[in-house]
Amino acid sequence: MRTQPMILHPIRPALLAVSAFAALFSCHTASAATPDPQAAGQRWWSYVQYLASDQMEGRLTGSDGYRRAARYVTEQFQASGLAPKGVEGYLQPVRFDVQRIQAAQSSLTLLQKGQEHPLSLGEEALLGSRLPQPKSLEAPLVFVGYGLHIPEAHYDDFADQDLHGKIIVYLNGGPSQLSSALKAHSRSPQEFYRAVEKAGAVGIVSIPNPKSMDIPWSRMALAASQPGMQLADPALQDTRGPMFTLTLNPAHAQQIFAGSGHAWSELLALGDAGKPLPRFPLSTRLRARVSALTEQVESPNIVGVLPGSDPQRKGEYVVLTAHLDHLGIGEPIGGDRIYNGAMDDASGVATLLDVARQLHEAHASLKRSVLFVVVCAEEKGLLGSRYFAGHPTVPAQSLVADLNTDMFLPIIPLNNLTVFGLEESTLGDDVRAVASGMDVKVLPDAQPDRNIFIRSDQYNFIRTGVPSIMSAFAATPGTEEEKTMKAWLTNRYHAPSDDTNQPVDLVAAARFNRLLLTLTERVANADARPQWKQASFFKRFAVSHP
Ligand SMILES: [Zn+2]
């Protein structure tokens, strides 16, 4: 995908909010109905229970379990009267190159002053499985600070050093003077891996900052045996050739800095404070032997449409996305090997099924069409949505918005909603208006270093110019609810215990679904399509529309 030149949009007329409001009454909506929230939540949960049952085997992209789940989604689309809008009926098949690292047959060695120090795979470091690994490699290490290359902000951690033939080492995060959106964007695989390859580097060692790690190292290590994937379509791949990738356990990172004149603790303290980091060559070389199994698999996105009723607008699509895939069957935790992915993201798919069903039951008629896109391979790096954005099944310029739902976590009451991308487009104003009508407070991203704005499927729509947001539950800081949310990430996120035996707030989930339904109707019925804000960094991807 090539980015488009930046073209400014006309400013949204101030009266638009009023006219959009009036338009709501000229259309038949579903959000006007008042279903029993407990019953509505129960119906939503029944979808989750099916999709996250052990029978679906964790819905790994390319697996039989995923195919069974896809069949269920297709049946539900059909039952809700959505028309097929894939390539083969509702399905859009996607091909992937798969790589499984064989850690037991691989090795890592640090070379320092003629001495060899083995680096243990699992405890000290993890080989990446996403980009094709070279079979063997020996190269010097260079510390490149945060490893950010952002020409538009005149910030470049790759400058002033020859990275040709070297392995770059960076600390995850970024200086506080750069916006979180900018940092997140430059960390996206499309930007980051390409920049590294262009700089001539042959490998990447990333060191997570413990402060912003979602899950403990021990669980990251368990996940390293899972297969990595890239799209088989070379036009949608991140690098032209192999790229060595490694994640270093921050608890063991000090050893690679030996003899460099810099201590890891000093660098981490600077990172914690968002201060500039020094960049310097390390007196360490890394030797790697990587054994991996490769294969190809195919797995579908599922696409259905509720056609719009306005002759002028029905050729425009409000897209709702959620990802159906999860991690499949993996290393056991607590005796359980099935990574059911109930919240991640059976919950989001269930929300889409629920919104489709509510629109159907209310015989809703919306001006624009609503495109329901349930994607594969999110867990493998947002690949199903990347394929869809690269090969949309409707004209690319007809996509007016993406409202993505991924792991929105209805495990506390819905009082606060974090909206990722809140300040970037007029969708932020829409979600504010809808939420305030429901007594829900809208908050910006409180943890920008977690890069969530680029960590789910909306990002691929953003990159093709489509205004997008993703919303999730947020706790009030300093409350028990905050502890509940934090504990969920630590204990259940990407673990087999993200299953249907966990506590869930059905009324809160129903309220969220209602909010998304109302938002969908508002955007589908508005006179103007959503616009990027003038100040948004992501406006650069926007194309002009007639
Ligand atoms: Zn996930």
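Among the criteria (1) out of contact with any helix residue (DSSP H, G or I) (no Cβ under 8 Å at 6 or more places or on another chain); (2) under 18 Å from S206 (Cα atoms); (3) outside any strand (DSSP E or B), the one L108 does not fulfil is (3).
Looking across region 384-408, the residues that are buried (at least 24 other Cβ atoms within 10 Å of the Cβ), among the hydrophobic types (A, V, I, L, M, F, W, C) and away from the ligand (no atom under 13 Å from the Cβ) come down to F388, A389, L399, V400, A401, L403. Mind counting the residues in region 304-362 that are in a helix (DSSP H, G or I), more than 16 Å from the ligand (Cβ to nearest atom) and either surrounded by 17 or more Cβ atoms within 10 Å (Cβ to Cβ) or of a type in the set (S, T, Y) (or both)? Qualifying residue count, region 304-362: 8. All conditions but one from (1) assigned to a helix (DSSP H, G or I); (2) over 15 Å from the mean Cα position of the chain (by Cα) apply to P413; the one that does not is (1). Among the conditions (1) at pLDDT 95 or above; (2) open to solvent by less than 70 Å² (accessible area, probe 1.4 Å); (3) not aromatic (F, W, Y), P35 misses just one, which is (1). When region 517-545 is filtered for residues that are among the hydroxyl-bearing types (S, T, Y) and at pLDDT below 90, the ones remaining, listed by number, are S536, S544. Remark: E191 falls outside the filter, which requires a residue to be more than 18 Å from the chain's Cα centre (by Cα), more than 27 Å from A251 (Cα to Cα), assigned to a helix (DSSP H, G or I) and of a type in the set (D, E). Residues in region 46-92 that are touching a helix residue (DSSP H, G or I) at 6+ places or on another chain (Cβ under 7 Å), open to solvent by less than 20 Å² (accessible area, probe 1.4 Å) and of a type in the set (A, V, I, L, M, F, W, C) were compared, and the one that is nearest to A508 (Cα to Cα) is V48.
Taking the stated definitions as given, is R130 out of contact with any Pro (no Cβ under 7 Å at 6 or more places or on another chain), in a loop (DSSP other than H, G, I, E, B) and among the basic types (K, R)? Here the answer is yes, as R130 does meet what is asked. Would you say G381 is at positive phi, surrounded by fewer than 24 Cβ atoms within 10 Å (Cβ to Cβ), modelled with pLDDT under 95 and away from the ligand (no atom under 16 Å from the Cβ)? Spelling it out, it is not the case that G381 is at positive phi, surrounded by fewer than 24 Cβ atoms within 10 Å (Cβ to Cβ), modelled with pLDDT under 95 and away from the ligand (no atom under 16 Å from the Cβ). Checking region 505-522 against the condition returns a match, with at least one residue being surrounded by fewer than 19 Cβ atoms within 10 Å (Cβ to Cβ) and β-branched (V, I, T). Applying the condition of being more than 16 Å from the ligand (Cβ to nearest atom) and modelled with pLDDT of 95 or more to region 364-374 and asking which residue is most open to solvent (accessible area, probe 1.4 Å) yields K367. Out of everything in region 118-177 that is more than 14 Å from F244 (Cβ to Cβ) and of a type in the set (V, I, T), what residue ends up being nearest to the chain's Cα centre (by Cα)? Step by step, filter region 118-177, then rank; the result is I150.
Results for (1) outside any helix (DSSP H, G or I); (2) in contact with a strand residue (DSSP E or B) (Cβ under 9 Å, 6 or more places away or on another chain); (3) at negative phi, shown as yes or no for each residue.
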site	(1), (2), (3)
G465	yes, yes, no
A472	yes, yes, yes
S497	yes, yes, yes
V504	yes, no, yes
L519	no, yes, yes
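Filtering region 475-504 down to residues that are in contact with a Phe, Trp or Tyr (Cβ under 9 Å, 6 or more places away or on another chain), within 16 Å of the ligand (Cβ to nearest atom) and of a type outside the set (D, E), which residue is most open to solvent (accessible area, probe 1.4 Å)? The selected residue is H494.
Any residue at all in region 257-271 that is within 27 Å of the chain's Cα centre (by Cα), on the phi < 0 side of the Ramachandran plot, surrounded by 17 or more Cβ atoms within 10 Å (Cβ to Cβ) and within 16 Å of the ligand (Cβ to nearest atom)? Within region 257-271 (the criterion being within 27 Å of the chain's Cα centre (by Cα), on the phi < 0 side of the Ramachandran plot, surrounded by 17 or more Cβ atoms within 10 Å (Cβ to Cβ) and within 16 Å of the ligand (Cβ to nearest atom)), the answer is no, since none of the residues qualifies. Counting only residues that are of a type in the set (K, R), farther than 25 Å from G335 by Cβ and in contact (Cβ under 8 Å) with a residue 60 or more places away in the chain, region 198-229 holds 1 of them.
Filtered by the rule that a residue be in contact (Cβ under 8 Å) with a residue 60 or more places away in the chain, over 16 Å from D402 (Cα atoms) and not β-branched (V, I, T), region 412-437 gives P413, L414, N415, N416, L417, A433, A435, G437. Scanning region 430-451 for residues that are closer than 13 Å to M470 by Cα and in a strand (DSSP E or B) yields a total of 2.
For P300, the requirement of being in a strand (DSSP E or B) and away from the ligand (no atom under 16 Å from the Cβ) is met. Beta carbons closer than 6 Å, at least 6 apart along the sequence or on distinct chains, pair a first residue in region 249-276 that is touching a residue at least 60 places away in the same chain (Cβ under 8 Å) with a second that is surrounded by 14 or more Cβ atoms within 10 Å (Cβ to Cβ) and acidic (D, E) for N249/E124; H252/E124.
The values are calculated or read from the model by the stated rules, or taken from the named source; none is laboratory data. All values derive from a computational prediction rather than experimental measurement. Because the Cβ atoms are built from the backbone with ideal geometry, glycine has one as well, and the counts that use them run over all protein chains shown. To get the accessible areas, we keep the full protein, side chains included, count just its heavy atoms, and leave off ligands, DNA and RNA. Shrake-Rupley method; radii C 1.70, N 1.55, O 1.52, S 1.80 Å.
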